[in-house]
């Protein structure tokens with residue numbers, strides 16, 4: 001992919017942080033899956049950082065919501 005930018009690094013998530021977050025959510029993550037879950041959370045955090053860093057024109061208004 002030409003012109004692709006490297007996403008900013010998200011926050012590093014420790015296993016202790018993951019265990020705390022899992023406990024807060026009321027779930028348990030088996031030890032053999034923790035490394036993968038941590039990696040996915042770090043990827044999500046990096047993607048969120050890209051969205052948060054995007055400039056937003058203050059003149060742009062949100063689209064209307066139509067409900068029936």
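Hey, any hits in the range 29-42 for a residue that's assigned to a loop (DSSP other than H, G, I, E, B), exposed (fewer than 13 other Cβ atoms within 10 Å of the Cβ) and modelled with pLDDT of 85 or more? Scanning the range 29-42, I find at least one residue that is assigned to a loop (DSSP other than H, G, I, E, B), exposed (fewer than 13 other Cβ atoms within 10 Å of the Cβ) and modelled with pLDDT of 85 or more, so the answer is yes.
Residue 63 meets all of the listed conditions (1) at pLDDT below 90; (2) touching a helix residue (DSSP H, G or I) at 6+ places or on another chain (Cβ under 7 Å) but one, namely (2). Just one of the listed residues (23, 3, 10) is surrounded by 10 or more Cβ atoms within 10 Å (Cβ to Cβ) and modelled with pLDDT under 95, and it is 10.
The values are calculated or read from the model by the stated rules, or taken from the named source; none is laboratory data. What you see is a predicted model; the values in this text were computed from it and never measured. All Cβ positions, even for glycine, are placed from backbone atoms using ideal geometry, and neighbour counts span all protein chains on display.
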